[in-house]
Amino acid sequence: MSRAFAVIAVAVSCAWMAVHAFPNGSPICDATYDAIKEMSTPDKNVNPKPWAIAATKKNGGLEIRIVPHKGSPSYTGFLLYVVNAKNEHVGTFELTDFAKAVTNENCNDGSTITQVNSDSKTKDTRFLWHGPPGPSKEQLRIKGAVVVELQEWYILDDRKIEWQPAK
């Protein structure tokens, strides 16, 4: 009887962990298939994606949004960052009550953000990003991923932008 209870307890614990994986944010910096599959193998990664990345100029920076397409499910996690032509993370995000900087040895400078909890995110999610200083225009790409649950995540299509620092 106690062995059966132990097996059930382990199974329930594993199921709970799968549903609530990384509720306090992503432990990784890059939204690449190889990086994310280290944490989980997706059941699906379809096209078109249920969300898109959008960006508009605002307050000397960019307002970057994760925009749901009609019928998109709610999601619990995200990873968002901007890279230059050398694939280096650039700029900084303003932190919010639902977003924090990813903190690990590879990206601890505010250039990469993730969720603070596993609450459902169903609406157009917005972030304010401030680009790197520089003398000229620069081609950048906004990259990201959205997690519905452990076995369902999507690497979003890159959003290309031309960044011109304020003079």
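The values are calculated or read from the model by the stated rules, or taken from the named source; none is laboratory data. Because the structure is predicted, anything quoted here is derived from the model rather than measured. Quick reminder, even Gly has a Cβ in these numbers, built from the backbone with ideal geometry, and neighbours come from all protein chains shown.
For this structure, a couple of remarks:
- Remark: pairs (first residue in the range 109-126, at positive phi; second residue of a type in the set (D, E, K, R); Cβ separation under 9 Å; 6+ apart in sequence or on different chains) = 110/94.
- Of all residues in the range 54-91, those satisfying the criterion of being polar (S, T, N, Q), surrounded by 15 or more Cβ atoms within 10 Å (Cβ to Cβ) and at pLDDT below 90 are 72, 76.
- Of all residues in the range 111-167 being touching a helix residue (DSSP H, G or I) at 6+ places or on another chain (Cβ under 9 Å) and of a type outside the set (D, E, K, R), the one that is farthest from residue 101 (Cα to Cα): 151
- Selection status of residue 85, small (Gly, Ala, Ser) and assigned to a strand (DSSP E or B): no
- When 100, 137 are checked against the criterion of being farther than 22 Å from residue 50 by Cβ, among the basic types (Lys, Arg) and at pLDDT 80 or above, 137 stands alone in meeting it.
- Yes/no for residue 114 being in contact with a Ser or Thr (Cβ under 6 Å, 6 or more places away or on another chain) and either of a type in the set (Ser, Thr, Tyr) or more than 11 Å from residue 90 (Cβ to Cβ) (or both): yes
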